[in-house]
Amino acid sequence: MALTKADMAEHLFEKLGINKRDAKDLVEAFFEEIRQALEAGEQVKLSGFGNFDLRTKNERPGRNPKTGEDIPIKARRVVTFRPGQKLKSRVENPQN
Amino acid sequence: MTKSELIERLADQYRQLPAKDVESAIKEILEQMAQTLQRGDRIEIRGFGSFSLHYRAPRVGRNPKTGDTVELEGKYVPHFKPGKELRERVND
């Protein structure tokens, strides 16, 4: 089963005793802060986990796969995630 | 923004919580995320994105210093796919 925000809030309550309402707010705020930083063009570096970087992509030719019509893909800014060394070595051989 | 800056920003917003709790919570969130991936499970955060593992097939690599060939085993690497809200907010 995939990990969700609800699981994370529940975990904070169980492990740290943070009340459920605060736990839920904190999990939400955690992801919102990261979104805000990226939105403002700021790189996010979470040591032990990884970095969220921003990359600017130039316009490039594309096409509508349904109709075959040529349409340019506009220049855009995208988020990329670069896992840190520690996370990479932890997941190399998943213990499932 | 680094992890400690993120903790500070959140602690400023949540004055009702001891700063220590905010710090432990953030560290605990990241640890739980890492453990989930380590087990081979996915993470799905609506509006933010999902994390999963991608398989990399075994290959023959080279030691760049000596030029010797090295057999590299197959492995899994973390992958992040940004969600719709994040993609749109970053691109505006």
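Before rounding to the nearest 500, sum -39500 (n - 2.57) across all DSSP H runs of length at least 4 in the protein assembly as shown and divide by the residue total; then give [θ] at 222 nm in deg cm²/dmol. Walk me through the numbers before you get to the answer.
Details: 6 runs with 77 residues, N = 188.
Estimated from H runs of four or more residues: -13000 deg cm²/dmol.
Against the longest alpha carbon principal axis of chain B, how many degrees, from 0 to 90 and to the nearest 10, is the axis of helix B:19-38 turned?
30 degrees
Which percent of the accessible heavy-atom area of chain A goes to carbon and sulfur, probe 1.4 angstrom?
Carbon and sulfur: 46 percent of the exposed surface of chain A.
Would you mind getting me the FRET efficiency between B:H79 and A:E69? Use the beta-carbon distance for r and R0 = 22 Å, nearest 0.05. Kindly include the intermediate steps, with their values, before the conclusion.
Details: r = 31 Å, r/R0 = 1.40.
Once the sixth-power term is evaluated, E becomes 0.10.
What aspartates and glutamates does B:K81 reach when the alpha-carbon gap must be under 15 Å and sequence neighbours fewer than 8 apart in one chain are set aside?
Of all the aspartates and glutamates, those that pass the test against B:K81 - Cα under 15 Å, at least 8 places apart if same chain - are A:D53, B:D41, B:E44.
Treating the angle as unsigned and between 0 and 90°, give the value, to the nearest 10°, between the Cα long axis of helix B:3-13 and the longest Cα principal axis of chain B.
It is inclined by approximately 20 degrees.
How big is the antiparallel share of DSSP beta bridges in chain A, given as a percent to the nearest 5?
Details: 15 of 15 bridges.
Bridges in chain A are about 100 percent antiparallel.
Take peptide A:10-22, look around each residue's Cβ out to 10 angstrom, count Cβ atoms belonging to other protein chains, and average those counts. The partial results should precede the final answer.
On the way: counts 0, 5, 7, 0, 0, 5, 6, 1, 7, 1, 0, 0, 6.
So the per-residue partner count for this stretch is 3.
Setting aside same-chain residues fewer than 8 positions from B:K27, which lysines have a Cα under 17 Å from its Cα?
Leaving aside lysines fewer than 8 places away in the same chain, those within reach of B:K27 are A:K5, A:K15, A:K24, A:K45, A:K86, B:K3.
In chain B, which GluC sites (Glu not before Pro) fall in coil by DSSP and have 12 or fewer other Cβ atoms within 10 Å? Don't skip to the end; give the middle numbers.
Details: sites: B:E5, B:E8, B:E23, B:E28, B:E31, B:E44, B:E71, B:E73, B:E85, B:E88; in loops: B:E73.
Sites meeting the loop and neighbour criteria: B:E73.
Quick one: helix A:5-16 against the long Cα principal axis of chain A, what's the angle to the nearest 10°, folded into 0 to 90?
30 degrees
Which whole number gives the average count of other chain Cβ atoms within 10 Å of the Cβ atoms across peptide A:49-56? Display every interim value, and only then the final one.
On the way: counts 9, 6, 1, 6, 0, 2, 0, 1.
Partner-chain Cβ atoms within 10 Å, mean over residues of A:49-56: 3.
Given R₀ = 30 Å, what would the calculated FRET efficiency be for A:N19 paired with B:V70, taking r from the Cβ atoms and rounding to 0.05? List each step's numbers first, then the result.
Working: r = 52 Å, r/R0 = 1.74.
That gives a FRET efficiency of 0.05.
In whole Hz, what ³J(HN,Hα) sequence does region A:47-61 give by Karplus (6.51, -1.76, 1.60; θ = phi - 60°), x for Gly and Pro?
Using θ = phi - 60°, the values come out as 5, x, 10, x, 10, 9, 10, 10, 10, 9, 10, 6, 5, 9, x Hz.
How much of the DSSP bridge set in the protein assembly as shown is antiparallel, in percent, rounded to the nearest 5?
Just about 95 percent of them are antiparallel.
The values are calculated or read from the model by the stated rules, or taken from the named source; none is laboratory data. The model shown is predicted, which means the values in this text are computed figures rather than measured ones. Neighbour counts are summed over all protein chains in view; Cβ atoms, including those assigned to glycine, are modelled from backbone coordinates with ideal geometry. SASA here: full protein model, heavy atoms, side chains in, ligands and nucleic acids out. Shrake-Rupley method; radii C 1.70, N 1.55, O 1.52, S 1.80 Å.
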